[in-house]
Structures are given as C-alpha cells and as structure tokens.
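Novice: Take this structure first; my questions come after.
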There are 2 protein chains.
Amino acid sequence: MIAIDWGSSSLRAFRLDRDGHRVDSRRSDQGLLNADGRFAEVLETLIDGWDDALVVMAGMVGSRQGWMEVPYVQAPAGVQEIAAGMCRLQSAAVQRELWLVPGLSCVDVHGTPDVMRGEETQLCALLPVLGPGRHAVLLPGTHSKHARVVDGRIERFSTFMTGELFAVLRQHSLLGRMMVDAPLDAAAFAEGVAMAERDGSLLHQLFGVRTRALFDQLLPAQLASYLSGLLIGNELQDLDAHSAPVHVIAADGLADAYLSALARVGRTATRHAEDTVARGLYLLARARELPM
Amino acid sequence: MIAIDWGSSSLRAFRLDRDGHRVDSRRSDQGLLNADGRFAEVLETLIDGWDDALVVMAGMVGSRQGWMEVPYVQAPAGVQEIAAGMCRLQSAAVQRELWLVPGLSCVDVHGTPDVMRGEETQLCALLPVLGPGRHAVLLPGTHSKHARVVDGRIERFSTFMTGELFAVLRQHSLLGRMMVDAPLDAAAFAEGVAMAERDGSLLHQLFGVRTRALFDQLLPAQLASYLSGLLIGNELQDLDAHSAPVHVIAADGLADAYLSALARVGRTATRHAEDTVARGLYLLARARELPM
C-alpha cells in the first residue's frame with residue numbers, strides 16, 4: 001500500500017510492504033497551500049511508478065480546504081473508531097483505491113471544541129505500544145497537542161498555539177526586533193520555563209522578555225531561547241498534575257526542548273520518533289480490512 | 001510653557017498658560033520611528049510661533065532611542081520623586097529651556113524589572129485627584145499598564161502585551177486570516193472575557209478562537225471581538241483581588257471595552273480622560289519649580 005501524510009505545507013509518501021515496512025519514500029512541497037486544488041495531479045506525480053492499488057491519506061488533505069472533507073470522529077476513540085470513520089474518495093483522474101483518514105474532535109470541560117487532523121494517525125501508531133492505563137502524549141509543533149490516552153484509546157486532547165505564537169512574536173513583534181539569531185541557549189531556555197511556573201499572566205511575562213533585555217539580564221542572543229522556554233513552560237502548566245507517564249512525539253530538536261522543559265517541571269518523559277504516520281496509516285488500513 | 005508628549009509614532013504639543021490651562025495644541029506624525037534623529041528640527045517646526053521659553057517633554061523621547069536617555073526613577077514614587085528625576089537637555093539648535101521627564105521602573109516579586117515612559121506623566125495628573133488610600137489605575141494600550149497607587153504615590157506596576165498581541169495575531173496568525181473586519185460585537189467580547197476567567201492556558205484558549213469558528217459557534221465577524229475579550233479578560237485576571245477602587249485612563253472606545261470587561265469580572269471603575277499628559281507635565285514643571 002501507499003501511505004500519504006498530506007499537510008498544509010508539504011506531503012510525504014511511503015511505500016509499504018504487506019507487513020507495514022517501508023520500502024521507499026518520497027517528499028514534495030505541494031502541501032495544501034501550494035497544491036492549489038490540483039490534488040489528483042500532485043498525487044500521481046509523486047507516486048509515479050509505484051503500482052500499489054491502495055492509497056491511504058491523513059492530514060489536512062481531509063479538511064474543508066482539502067481534497068474532500070472527512071467528518072471528524074468524536075473522542076474518546078481508538079484505532080477501531082478512527083478506522084470506522086475513514087472515507088473512500090472517488091476520483092476519475094486516479095486509477096487507485098483512495099481512502100482518507102478522519103480528524104478527531106472533542107469538547108473540553110468548558111464546552112469549547114478542539115480538533116486534530118494528522119496527529120490522530122501518529123497517535124494510532126503509538127496506542128498499541130502504550131498498553132493499559134493512563135498516558136499523556138504530547139505532540140509539539142505549530143499547534144501543539146496534548147492527548148490523554150486511557151487503555152489504548154484517546155480520551156480527550158487540547159491544542160496549544162505555542163509554535164505559532166513563537167513564530168509571530170519572533171517575526172512581527174517588538175520582542176522579535178530585539179532578538180538576534182543564535183543556537184538554543186539552555187540556561188535562558190530554563191529561565192523561561194521557570195518564569196512560566198510562577199503566578200501571573202502570560203501577557204505580563206511576555207513583556208518581561210523586553211525588560212530583561214533592557215536591563216541586561218538577558219543578551220539579544222538569549223532572548224529567543226528565553227521566549228521559547230516561557231511559551232513551552234506555559235503550555236506545560238496545563239499538563240495533568242497526576243502521575244501518568246508522559247510521552248513526546250517530535251523531531252529531535254523539538255523533543256530535546258520539551259524533554260528538558262518537562263524535567264524542569266519534575267516530569268520524566270519517553271521520546272518517540274516523529275515519523276510514525278506511515279505506521280499509523282498501515283494500522284488503520286488493517287483495522288478497516290482494506291485489500292493490500 | 002510648552003508641554004510635549006513624544007512617543008514612538010507621533011508627538012503632540014500643548015501651549016499652556018500660567019495656570020496650566022491649554023491655549024493651543026498641535027500634532028505631528030514625527031514620532032521616534034519617523035523623526036530619524038532630527039529632534040531639534042521636528043520640535044522647532046511643530047512649535048514655531050509659540051514664544052514660550054520653557055519646553056517640558058515626556059515619553060519615548062527620553063529613552064535610549066530618543067533625544068537623550070533619562071535614567072528611570074525607581075518606584076515607589078510620586079510627583080516629587082519623578083520631578084526630581086527630570087533632566088535638562090542642552091541643545092545648541094534650540095534657544096529654549098528644554099526638560100525631559102524620566103520614565104519609571106520597578107521590580108516585581110519575581111525579580112523581573114518593569115518600565116513605563118509617558119504613562120508616569122499621565123499618572124502624575126491623576127495622583128493629586130485620587131486622594132489617600134489604595135487605588136488600581138489601568139492604562140490600556142499596546143503595552144497596557146496596571147499601576148497600584150497608595151496615598152498619592154505609584155507603589156508598583158505591571159505591563160501587559162495585550163494590545164500588541166492582539167495586533168500581531170490579527171495581522172499575522174491563522175486566527176487573523178479567519179476574521180473579517182466588523183464593529184465590536186458586545187456579546188462575542190463578553191464571551192471572550194468569560195472564557196479568560198476559566199482555568200487553562202491562554203495558549204489553549206487562543207486555539208479555541210479557531211475551533212469556535214470551525215464549529216460555527218462564532219461568525220467570522222465576531223472573531224476579533226472574541227479575541228479582544230479573551231486577551232483583555234486574561235489581563236484583568238492579574239488585577240489585585242482586593243477591593244481598591246479601579247480607574248481607567250483611556251480613549252473612549254478602549255475605555256468602553258475595559259469598563260465592560262471589568263463589570264463582567266465584578267469590578268466597577270472610574271473613567272478618566274486619556275488626554276492628561278499636558279496636565280501631568282504642568283504639575284511636574286511646577287513641582288520642579290521651573291520658571292514659567
């Protein structure tokens with residue numbers, strides 16, 4: 001089968017054998033923002049020469065702005081419920097069997113809805129591995145997700161605008177104009193995490209980035225690390241206080257930052273490879289009993 | 001005398017009589033960002049024809065990026081201490097007596113410094129009016145200030161990036177792209193304030209702006225009002241819980257928004273005209289016993 005992870009800015013294709021092992025992979029920058037609606041053409045170009053009949057896709061390709069909107073499955077949900085929500089896509093332009101994975105939605109205690117599209121497939125790869133009991137799974141990024149997993153099912157989750165807020169403040173705010181590019185400064189990052197643990201509004205703590213620079217408590221090369229620690233630390237304040245094991249699914253640099261922030265707030269965490277989407281798509285196709 | 005309020009984006013000049021009453025006023029867009037270091041030239045052009053010898057200036061003109069840096073006065077401070085920190089500016093190009101008002105600094109309970117430049121002069125106009133006891137004075141804006149006033153002196157204060165965060169999210173984030181311009185929607189604003197009162201990270205509540213739109217709980221024309229309520233409500237969570245009278249110094253629209261948010265969190269507040277800088281400069285010049 002062919003597994004596709006199709007997001008806003010890029011897409012990745014994996015060719016899998018019958019046991020779900022990767023035999024090949026390709027990458028394209030034709031994410032939703034660049035594909036401009038030419039979904040069939042982009043897909044055929046990317047997987048040209050791979051003669052597998054089954055193509056299963058996850059990510060924003062199944063959103064309202066994607067190829068076809070697939071309704072969200074409501075949490076709590078595990079691999080079976082998510083597989084049951086998969087939709088077949090009929091396309092005259094593609095001579096293959098095309099399937100889309102649904103996103104996942106939930107409603108928080110205040111009645112505010114939350115959504116994910118793509119991360120549910122990464123989580124599907126992890127669910128069978130976690131075993132029974134309660135786990136907290138973090139998927140850091142532009143829109144960071146915290147999922148609570150109970151007995152192999154996603155019970156509920158929350159999204160945090162951590163990555164996007166860092167980017168807009170870095171690029172467009174007064175704080176960003178004071179910063180210079182530099183490698184991560186571990187001490188300044190830890191100071192930001194520590195500041196986030198204290199009382200007070202994030203809106204006030206953000207202004208502290210400026211005043212600490214003004215009074216030479218932080219160098220321009222440390223400001224981005226401090227801001228990153230402050231935002232990630234703020235996000236981690238919402239982590240369930242109970243002692244469920246914590247898991248982080250992220251690429252190396254981001255995983256390092258989260259593990260160090262988690263250690264600082266007294267939590268140990270297990271690191272998992274970011275690249276679990278292909279595995280999740282394989283498990284979903286198998287749960288749905290699609291012909292491979 | 002001539003009173004000057006010289007900020008980053010604009011400056012205002014007021015001609016005052018011996019009793020501090022305005023006899024004339026002028027305005028220019030040559031704030032620090034546009035003046036490009038031509039301070040003497042910009043000033044002389046703006047006050048051309050006014051023959052008063054004394055010119056007293058407040059705002060970013062006294063910052064490191066301004067005409068001359070005036071060291072911060074450390075809070076607690078009242079009119080006398082701020083007047084004592086005023087500095088005379090010698091300029092061969094200007095045949096007048098030029099004075100700059102210092103900014104105010106303080107250190108919060110976590111050791112983080114905070115600063116204001118310009119707002120201390122607005123506060124100086126209000127201090128003699130407030131009388132004895134404890135008062136909370138809010139100066140909303142790009143960088144919103146909360147000052148605690150005790151017996152006519154500014155004891156300490158905090159800055160919140162409320163206005164700047166609204167602007168960068170409106171203009172540069174995914175949330176902003178979902179919004180359409182519309183007048184303030186009072187119901188959506190109140191919902192945002194109510195959301196801010198609940199537990200949970202602002203980073204999560206911000207993502208709720210997106211999901212509420214996605215699930216049609218809010219219309220595109222309501223999103224900016226909801227976001228504004230969410231940010232202002234978050235800022236107000238840091239307001240001292242005790243029952244000190246609350247005062248708001250702001251222009252009409254912003255004062256309306258803050259008074260409505262304050263009412264929603266159970267606080268009544270007194271509104272004061274935004275345009276108090278000229279009065280503050282007059283009181284500071286008098287306290288310093290400058291020749292008028």
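Novice: What's the local net charge at B:R210, with K and R +1, D and E -1, over the other residues with C-beta under 13 Å away?
Specialist: Cβ neighbours under 13 Å give a net charge of +1.
Novice: Taking R0 as 22 Å, what FRET efficiency do you get between A:A84 and A:T270 from their Cβ-Cβ distance, rounded to the nearest 0.05?
Specialist: 0.15
Novice: What whole-number value in Å² describes the accessible area per residue of the range A:1-125 for a 1.4 Å probe?
Specialist: For the range A:1-125, the solvent-accessible area averages 42 Å² per residue.
Novice: Given only helices, namely DSSP H runs of n ≥ 4 each adding -39500 (n - 2.57), what is the per-residue ellipticity at 222 nm of chain B, to the nearest 500 deg cm²/dmol?
Specialist: Mean residue ellipticity at 222 nm (helix-derived): -11000 deg cm²/dmol.
Novice: Can I ask one more? In Å², nearest 100, what accessible area do chains B and A bury in total when the solvent probe is 1.4 Å?
Specialist: By this definition, chains B and A bury close to 4000 Å².
Novice: I would also like to ask the following. Please report the accessible area of A:W50 (heavy atoms, 1.4 Å probe, ligands and nucleic acids excluded) in Å², nearest 10.
Specialist: 10
Novice: Under 10 Å, Cα contacts only: if you run a Gaussian network model on chain B, which one of B:E41, B:E119, B:E191 comes out with the highest mean-square fluctuation?
Specialist: Of the options given, B:E41 has the highest mean-square fluctuation.
Novice: Please work out the FRET efficiency for the pair A:D19 and A:D199, using the Cβ-Cβ distance as r and a Förster radius of 30 Å; give the result to the nearest 0.05.
Specialist: Efficiency, from the Cβ-Cβ distance: 0.05.
Novice: Let me ask another. Only Cα pairs under 8 Å and at least 6 apart count here; give the relative contact order of the range A:143-255 as a rounded whole percent.
Specialist: With pairs under 8 Å counted, the relative contact order is 27 percent.
Novice: Additional query: So if I take the centroid of the Cα atoms in the range B:46-60 and the same for the range B:118-185, what is the distance between those two points in Å?
Specialist: With the range B:46-60 and the range B:118-185 each reduced to a Cα centre, they are spaced 27 Å.
Novice: Once neighbouring chains are kept in place and the probe is 1.4 Å, which whole percent of the accessible area of the range B:1-116 is contributed by carbon and sulfur?
Specialist: 46
Novice: Same structure, new question: Normalised by the number of residues in chain B, what is the relative contact order in percent for Cα pairs under 8 Å and 6+ residues apart?
Specialist: 17 percent.
Novice: Give me the residues in the range A:138-161 whose solvent-accessible area, probe 1.4 Å, is reduced by at least 20 Å² once all protein chains are included instead of the chain isolated.
Specialist: A:H143, A:T159, A:F160, A:M161
Novice: Here's something else I'd like to know. Could you give, in nm with one decimal, how far A:G266 is from each other copy of that position, shortest first, with labels 7 Å out from Cα toward Cβ?
Specialist: Relative to the other copies, A:G266 has label-point distances of 2.9 nm.
Novice: Right, another one. Please give the length that would be gained between A:A186 and A:A167 if that part of the chain were fully extended, namely 0.36 nm times their separation in residues minus their C-alpha to C-alpha distance (nm, one decimal).
Specialist: In short, 4.9 nm is gained.
Novice: Could I ask something else about it? How far is A:A93 from itself in the other copies, in nm, if each label sits 7 Å out from Cα along the Cα-Cβ line, shortest first?
Specialist: 6.2
Novice: Grab the other residues whose beta carbon is less than 13 angstrom from that of B:V23, score K and R as +1, D and E as -1, and report the net.
Specialist: Net charge around B:V23: -1.
Novice: Alpha carbon centre of the range A:80-106 versus the range A:4-35: separation in Å?
Specialist: So the separation of the two Cα centres works out to 15 Å.
Novice: Here's a follow-up. Give me the net charge for the shell around B:L89: Cβ to Cβ below 12 angstrom, other residues only, Lys and Arg +1, Asp and Glu -1.
Specialist: Cβ neighbours under 12 Å give a net charge of 0.
The values are calculated or read from the model by the stated rules, or taken from the named source; none is laboratory data. Here the structure is a predicted model, which means the values were calculated and not measured. Glycine gets a Cβ as well: all are built from the backbone with ideal geometry, and neighbour counts include every protein chain shown. Accessible surface areas use protein heavy atoms only, side chains included; no ligands, DNA or RNA. Shrake-Rupley method; radii C 1.70, N 1.55, O 1.52, S 1.80 Å.
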